[in-house]
């Protein structure tokens with residue numbers, strides 16, 4: 001399957017995107033390449049991506065998907081930029097824009113950035129600088145403008161912030177610069193051919209054709225079976241893991257933190273998990289019983305949860321199975337309700353984020369749920385795999401809106417019965 005991440009550069013009705021081997025996706029954003037539907041033997045064509053209105057696609061996400069045996073082709077927009085940065089690792093760049101980035105003729109996101117329609121249609125509302133530059137080159141070839149004037153006009157158009165570089169703005173800048181002749185010529189060319197000067201479109205179509213022909217699949221092994229596993233990368237991958245259970249689409253990270261907070265026996269689950277990791281080290285080294293490893297490291301004077309603080313890999317089904325062994329169908333319903341409560345808070349309160357949840361309120365909730373005295377708070381958090389009190393508070397913030405909403409409903413129902 002060929003997964004094409006595209007937005008304003010190509011319309012959805014483009015003939016090549018209708019090929020049965022092509023799946024057209026919205027502009028790429030952080031986390032999209034973790035989709036389990038993108039598998040070994042597939043090809044990703046990265047054309048458009050978001051970076052202003054949402055977190056951008058990171059380089060290590062591309063390296064990781066190539067390491068899983070997926071060919072990645074980049075062109076036209078952020079795809080060209082990322083290909084120029086990662087071509088030595090096996091990402092294939094296609095087109096003139098990629099070549100310009102690769103050789104240093106252009107640099108910076110602003111060369112390909114465009115303002116996009118807010119209606120979900122992903123239409124470009126402005127002109128990217130690479131297309132302006134290309135139109136000026138065509139104007140020089142046609143004898144409409146000379147090189148010195150073209151360079152001066154390019155700098156004037158570059159000074160326009162990219163979301164404001166509409167066609168009307170291009171005409172206005174041309175008029176102010178005394179280049180009305182070039183503006184008229186360009187308008188006539190665009191009237192005859194709406195895609196005139198659209199270098200991004202040309203490169204994007206070339207990239208899709210390359211994928212359909214299988215170009216780049218031979219380079220799949222260039223990245224090798226490398227592991228790009230840092231704490232940040234593990235956090236990204238964990239945030240992307242979801243599963244549909246009992247008809248509910250749930251984030252596995254939400255399910256885990258719910259169990260860490262509410263399962264009274266979770267300290268046993270965490271110790272079983274630590275034992276599993278001790279017997280099956282991630283680095284492939286020899287396994288060892290947890291008690292023996294603990295004795296070697298600390299002399300056995302500390303509990304395992306105070307010594308070992310591994311980051312859980314939520315892609316590992318066995319680990320998830322151990323940690324969610326006590327989860328019930330009712331728990332999963334609560335996870336869904338809490339996620340809905342958090343989403344509602346974000347929609348209804350401008351600027352709200354989990355970071356805005358008060359730490360003292362979160363701490364009080366945890367002390368209430370765990371029924372432990374203040375002096376035992378850190379030890380209780382550690383036993384549940386939450387490292388310590390401060391980390392537990394940060395992890396549990398996302399549960400607080402749902403917990404408080406649920407508590408208020410229960411108290412109101414009790415008052416009604418009373």
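None of the figures in this text is laboratory data; all of them are computed from the coordinates on show. Predicted model only: the values in this text are computed from it and were never measured. Neighbour counts are summed over all protein chains in view; Cβ atoms, including those assigned to glycine, are modelled from backbone coordinates with ideal geometry.
A few comments on the model shown:
- Centroid-to-centroid separation of segment 8-34 and segment 353-416 [C-alpha atoms, Å]: 42
- Look at 60, 397, 213 and count the other Cβ atoms within 10 Å of each Cβ; fewest to most, that gives 213, 60, 397.
- Ranked for footprinting exposure by Cβ neighbours inside 10 Å, fewest first, 66, 288 give 288, 66.
- Subtracting the Cα-Cα distance of residue 361 and residue 176 from their residue separation scaled by 0.36 nm leaves 60.7 nm.
- Within the chain, the ratio Rg/Rh, alpha carbon atoms throughout and Rh by Kirkwood, equals 1.08.
- Rounded to 10°, Cα long-axis angle of helix 167-176 versus longest principal axis of the chain: 50
- Relative contact order [Cα under 8 Å, 6+ residues apart], the chain, whole percent: 13
- Rounded tilt (10° steps) of 359-370 against the dominant C-alpha axis of the chain: 40
- Rounded if a/c under 1.5, otherwise prolate or oblate - segment 241-417, Cα gyration tensor axes: prolate
- In plain terms, the chain from residue 280 to residue 68 could stretch by 74.1 nm, reckoned as 0.36 nm per residue minus the Cα-Cα distance.
- Nearest 10 degrees, 0 to 90: helix 329-348 Cα axis against the chain principal axis: 50
- Of the residues 88, 126, the one with the fewest other Cβ atoms within 10 Å heads the list, and the complete ranking is 88, 126.
- For the peptides 200-210, 235-245, residues were scored by their other Cβ atoms within 10 Å and the scores averaged per peptide; the highest-first order is 200-210, 235-245.
- Spin-label model, residue 40 to residue 406: label points 7 Å out along the Cα-to-beta-carbon direction sit 4.0 nm apart.
- Cβ-Cβ FRET estimate between residue 292 and residue 15, R0 fixed at 51 Å, reported to 0.05: 0.20
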